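Working notes, beginning with the structure itself.
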Amino acid sequence: MTPDAVPSRRLPEQQRSKVRVEAILDCAAELIARDGIDAMTMSELASAADLRLPSIYRYFPGKTAIVQTLLERYETLVRARLIESIAPAGTVQDAREVISSVVRGYWQIFRDDTTYAAVWSAAVANPDLARIDVENTRQTSALIADVIRGVVPESMQYDVDQLVFTCNHIAGSTVRFATLLDPDEAERIVDMLVGHILPTALGLSGTAKS
């Protein structure tokens, strides 16, 4: 793990400190989205957050710690949206609706917060953070697999966890790609993803299972 990775950060205990840390993270996300992680300096971040540089280093030993903390913040939001979206699927149509709700919720996060894509790009450029992102994807995939397992065709049951894991990666990559496109085209691509690509890949393109 890199020298300035998150395990060495100082976690805020008082409410005032928590508010300060959130303000630092907000400023960092905006700077990363505007200039990229390589261009952002800790001094620039301190200036944007209206803090002295030692105050930044008090909580974050470096940029890697900031990026991972931002990634964790977004992953917490994604997981909360996921839990809201999933329910046991008794039919193929139920499973399709779960997939659609999950992907559209993820798309909404990216669409509404332009800093997310930049933070994710900064995170996966670091091998340690990329591995954490893969593990996060694996965990969310397991939740989805559990609720659609019963309606996935029998011929695909032998490896449904790996199949959902792969589809989850495809969905994430497609959503992030969509943020680079014209809004109308982006929406059409997300519609195609949830309406055709993922249901076909998961064997959910047929009629409801009785």
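The values are calculated or read from the model by the stated rules, or taken from the named source; none is laboratory data. Remember, predicted model here, so these are calculated numbers, not experimental data. Quick reminder, even Gly has a Cβ in these numbers, built from the backbone with ideal geometry, and neighbours come from all protein chains shown. For the accessible areas, the whole protein counts, side chains as well, though only heavy atoms, and no ligand, DNA or RNA atoms are used. Shrake-Rupley method; radii C 1.70, N 1.55, O 1.52, S 1.80 Å.
For a quick check, take a GNM of the chain with Cα springs below 10 Å and name the residue from I170, I32, I109 with the largest mean-square fluctuation.
I170
If you take every residue apart from E187 with its C-beta less than 11 Å away from the C-beta of E187, what net charge results, scoring Lys and Arg +1 and Asp and Glu -1? Before the final figure, lay out each step's value.
Details: positive: R104, R111, R188; negative: D182, D184, E185, D191.
Result for the local shell: -1.
State the volume of the convex hull built on the alpha-carbon positions of the stretch 138-188, expressed per residue in Å³ and rounded to an integer.
Working: hull volume 4.6 nm³, N = 51.
Here the figure is 90 Å³ per residue.
Want the number for V134 to D159: 0.36 nm per residue separation, take away the alpha-carbon distance, what's left?
Working: separation 25, 0.36 × 25 = 9.00 nm, distance 1.83 nm.
Contour length minus the Cα-Cα distance gives 7.2 nm.
Which is farthest toward the positive dipole end of the stretch 112-210 among S173, L202, P127, measuring Cα position about the Cα centre, with Cβ charges +1 (Lys, Arg) and -1 (Asp, Glu)?
L202
Compute the accessible area per residue over the chain, keeping the other protein chains in place, probe 1.4 Å, unit Å².
52
When the Karplus curve 6.51 cos²θ - 1.76 cosθ + 1.60 is applied with θ = phi - 60°, which whole-Hz ³J(HN,Hα) does each residue of the stretch 23-37 get, with x for Gly and Pro?
Running phi through 6.51 cos²θ - 1.76 cosθ + 1.60 with θ = phi - 60° gives 5, 4, 5, 4, 5, 4, 4, 5, 5, 5, 5, 7, 10, x, 5 Hz.
Assign unit charges at the C-beta atoms only (+1 for Lys and Arg, -1 for Asp and Glu), then state the dipole size of the chain relative to its Cα centre in Debye, rounded to the nearest 20.
Working: 21 positive and 28 negative charges, 116 e Å.
Here the chain has a charge dipole of around 560 debye.
Using θ = phi - 60° and the Karplus curve 6.51 cos²θ - 1.76 cosθ + 1.60, what whole-Hz ³J(HN,Hα) does each residue of the stretch 71-87 get, with Gly and Pro shown as x?
4, 4, 4, 5, 5, 4, 5, 4, 5, 5, 5, 4, 4, 5, 8, 9, 8
Taking the Cα atoms only, what angle lies between the long axis of helix 160-178 and the longest principal axis of the chain, rounded to 10 degrees?
Approximately 60 degrees, to the nearest ten.
Net charge within 10 Å of I32 by Cβ-Cβ distance, Lys/Arg positive one each and Asp/Glu negative one each, not counting I32 itself? List each step's numbers first, then the result.
Values: positive: R34, K63; negative: E30, D35, D38.
Charge balance near I32 sits at -1.
Estimate the FRET efficiency between R16 and E72 by the formula 1/(1 + (r/R0)^6), using the beta-carbon distance for r and 22 Å for R0, to the nearest 0.05. Mind dumping the intermediate values first?
On the way: r = 21 Å, r/R0 = 0.96.
The calculated FRET efficiency here is 0.55.
Under 13 Å from the Cβ of S101, count the other residues' Cβ atoms, weight Lys and Arg +1, Asp and Glu -1, and hand me the total. Intermediate values should be presented prior to the final figure.
Numbers: positive: R81, R96, R104; negative: E84, D94, E97.
With Lys, Arg at +1 and Asp, Glu at -1, the net is 0.
Can you give me the C-alpha center-to-center distance between the stretch 64-95 and the stretch 118-193, rounded to a whole angstrom?
Distance between centres, Cα-based: 11 Å.
Step through the residues of the stretch 101-116 one at a time and calculate ³J(HN,Hα) from phi using the Karplus curve (6.51 cos²θ - 1.76 cosθ + 1.60, θ = phi - 60°), rounding each to whole Hz and writing x for Gly and Pro.
5, 5, 5, 5, x, 5, 4, 4, 4, 5, 5, 7, 10, 5, 7, 4
Which trypsin sites (Lys or Arg not before Pro) does the stretch 29-107 hold that lie in a coil by DSSP with at most 11 other beta carbons within 10 Å? Walk me through the intermediate numbers first.
Working: sites: R34, R52, R58, K63, R73, R79, R81, R96, R104; in loops: R52.
Those satisfying the criteria are R52.
Give me the percent of accessible area attributable to carbon and sulfur for the stretch 82-138, probe 1.4 angstrom. Display every interim value, and only then the final one.
Values: 1420 of 2690 Å².
Carbon and sulfur: 53 percent of the exposed surface of the stretch 82-138.
Normalise the Cα radius of gyration of the stretch 10-132 by 2.2 N^0.38 Å (N = residues in it) and let me know the number.
Numbers: Rg = 17.0 Å, N = 123, 2.2 N^0.38 = 13.7 Å.
Expressed relative to 2.2 N^0.38 Å, the Cα Rg reads 1.24.
Ordering D128, D184, D38 from largest to smallest accessible area (1.4 angstrom probe), what's the sequence?
Values: D128 30, D184 105, D38 140 Å².
Accessible-area ranking of D128, D184, D38, largest first: D38, D184, D128.
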